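Colleague: One structure, as structure tokens, below. Some questions next.
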Amino acid sequence: MSSRVRPWIFIGSFVVAFGTIILVAMLTISGNDGGEPIKVLSSAAAQGGTEDQEDNEGGLASIVGAPSALNANGEWKRTEVKQAEEATLKISNQGETSFAFELAAKNGEKSGSVSGTAEFLTENAAVFNAGNEKATLKFTFSGEEVSVTHTGNDTDLGCDSTVTFDGSYTQGNPEYKDADTGKNNPAYSKDLIKSQLILTSIKSALSKDDFAVYQAIMTDENIRDMIPPSELKYDKDGNKICVDEELDAIKYQAVVTGAGTEALLACKPDGKIYLGLYMMGEVRYYTNDGKYKNTPPKCMKTFAESRGAELKNLTK
């Protein structure tokens, strides 16, 4: 055999022997004749940590984008809105990938609520799909606040058409804002129209037939929130109301869709009423205020003129 070949044979034999030693050592470590697979240590374990520590510090959490440091659980209140538009967000069972929530919002007497599970998109953002593929809610956490925004229609999330879940929510005390003055007006109440005093005043001023017409027109379903910016005010509870500047009275307007009948009512806490019933091409005017008995207020004149109707004074 050539002297050049012998060194390579020696090297080959050494490699085979070394490989055999390594294999025997690995099988010995397994301790069960190959039953349990050899466990390869992670980088965290190799550095003195544990597998659990690695999962918590960047394993599953980093894959799904769950915020390991964020604690969203608790009650959040919508801030920087009118008090009549308050909303409450309750978050619970926050995990690595999701959290459960209950959200309820108001706009005066109208309200809406939705609950479900929001899935994390990033470390500080989660999304809820209403399941109808028409609307979603997105929760974005920043500091001590969470911003809620929606896509699609609020009605698909369980809201009345005048209510929204959107806004900034805080776990601290919410700050409510009001119109121009920043204060609610204790002299006004949105529900004045429902008071017995106003109902009695209207019944006393109208004929029996016209009172029946009024009751048919002026219902919760027919009342419109048509408030010009110049007449927008807020009552003692922060509800939006329309206040006539000339009369210093709350105005309500109702329309019966498709019937061609409407009603405009202005009323005051002392029981004074100013009412116009639009039907059959005329506006029937009634009041119990002697000052405006013979001269209807501007709002009634405008109400009739804008409809091309005759203003007929039927005040007793």
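Colleague: Return yes or no: is ASN93 out of contact with any Gly (no Cβ under 9 Å at 6 or more places or on another chain), at pLDDT 90 or above and either surrounded by fewer than 16 Cβ atoms within 10 Å (Cβ to Cβ) or among the basic types (Lys, Arg) (or both)?
Modeller: Here the answer is yes, as ASN93 does meet what is asked.
Colleague: Need at least 2 residues that are without any contact (Cβ under 8 Å) to a residue 24 or more places away in the chain and of a type in the set (A, V, I, L, M, F, W, C) per element, so show me which strands (runs of 3 or more DSSP E) inside the stretch 199-316 make the cut, counting only ones lying wholly within it.
Modeller: none
Colleague: Residues of the stretch 210-248 being under 16 Å from TYR274 (Cβ atoms) and either hydroxyl-bearing (Ser, Thr, Tyr) or touching a Pro at 6+ places or on another chain (Cβ under 9 Å) (or both), which ones?
Modeller: Within the stretch 210-248, TYR214, CYS242, ASP244, GLU246, LEU247 meet the criteria.
Colleague: Considering only the stretch 88-111, I want to know if a residue exists there that is polar (S, T, N, Q), in contact (Cβ under 8 Å) with a residue 40 or more places away in the chain and not in a strand (DSSP E or B). Quick ask: steps written out before the conclusion?
Modeller: To start, the set of residues in the stretch 88-111 that are polar (S, T, N, Q) comprises 88, 92-94, 97-98, 107, 111.
So of that shortlist, the ones also in contact (Cβ under 8 Å) with a residue 40 or more places away in the chain come out as 107, 111.
If we keep only those that are not in a strand (DSSP E or B) too, we end up with none.
No: the stretch 88-111 contains no residue that is polar (S, T, N, Q), in contact (Cβ under 8 Å) with a residue 40 or more places away in the chain and not in a strand (DSSP E or B).
Colleague: With the requirement that a residue be basic (Lys, Arg) and surrounded by 15 or more Cβ atoms within 10 Å (Cβ to Cβ), what does the stretch 111-139 give you?
Modeller: Result: LYS138, single match.
Colleague: Okay, moving on. Please state which one of TYR286, TYR214, TYR252 is touching a Ser or Thr at 6+ places or on another chain (Cβ under 9 Å) and hydroxyl-bearing (Ser, Thr, Tyr).
Modeller: None of the other options fit; the residue is TYR286.
The values are calculated or read from the model by the stated rules, or taken from the named source; none is laboratory data. These figures come from a predicted structure and were not determined experimentally. Neighbour counts are summed over all protein chains in view; Cβ atoms, including those assigned to glycine, are modelled from backbone coordinates with ideal geometry.
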